[in-house]
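Nothing in this text is a laboratory measurement; each read-out follows from the coordinates by a stated rule. All values derive from a computational prediction rather than experimental measurement. Cβ coordinates were reconstructed from backbone atoms using ideal geometry, including for glycine residues, and neighbour counts include every protein chain displayed.
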Amino acid sequence: MENQDNINTNKPQPLKRMSRRERRHADLPGDPVKGRALYKWSAFVFVLAMFGAAFTCFVYVLPILLPVLGTMIILAWLIAIVAISIFTLFMIWYSDDAKSFFDGWINFGRSFFDVGRDADRLAYRAVPVVLIVGGALLIICWSMLSIGLSTDKARKKSYIGMMIALGIITLVYAIFFFVNLRKYYFL
C-alpha cells in the first residue's frame, strides 16, 4: 500500500544521453564493441573491391570510349562552326584568331582518335596490374567478410548482404577477367 502512495517510486528513470566516447566503448544491443573495427575495415575493403572490378571493366571499354569521345568533340566543333557561321554570315572566317581557335579545337578532337588507337597498347600494359590488384582486393574482401560472418553474430545480416553483393561483383570481375585475358593475351 505504501508504494501506491508514492507515485514516483514506480516511475521509470529517464535514460542518460551518452557521449560519443561512451558509445564507442559501450556494448549497445545493435552495435556491440566487439567486431566493430573488423566490420568497418570489411566495408572499406568492399568498396575498394567494387572499384577494382569497375576499373577492370573500364580497361576493357577504354579503347572504345576514347574514339567515341573524339567523335563527340568533333561533332560539337561542327555544330559550333555551323552555328557561328550562320550567325555571323561567314565573317568569323576572316579573323586569324578564330581560325587558330577552331584549328586547335579540331586537333584536340583528332588527338582522341590517335589516343584511341594507342589505348590498346596502354591497356595491354595495364591489364596485368589491374587484374592482379582487383583479384587481390576481392580475395582480401572475401576473407574479411568470412571472418566477420563467423565471429560477429550481431552484424550477421550486414555481412550476408555484403557477401551477396560481393558475389555479384566477383562474377562481373571474373567475366571481364577472362575477356581481358582472351583479348590481350590469347589470340
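Things to note:
- For the range 37-184, alpha-carbon Rg relative to the globular expectation (2.2 N^0.38 Å, N residues): 1.61
- Extending 7 Å from Cα along the Cβ direction at VAL129 and again at PHE108 yields two label points whose distance is 2.7 nm.
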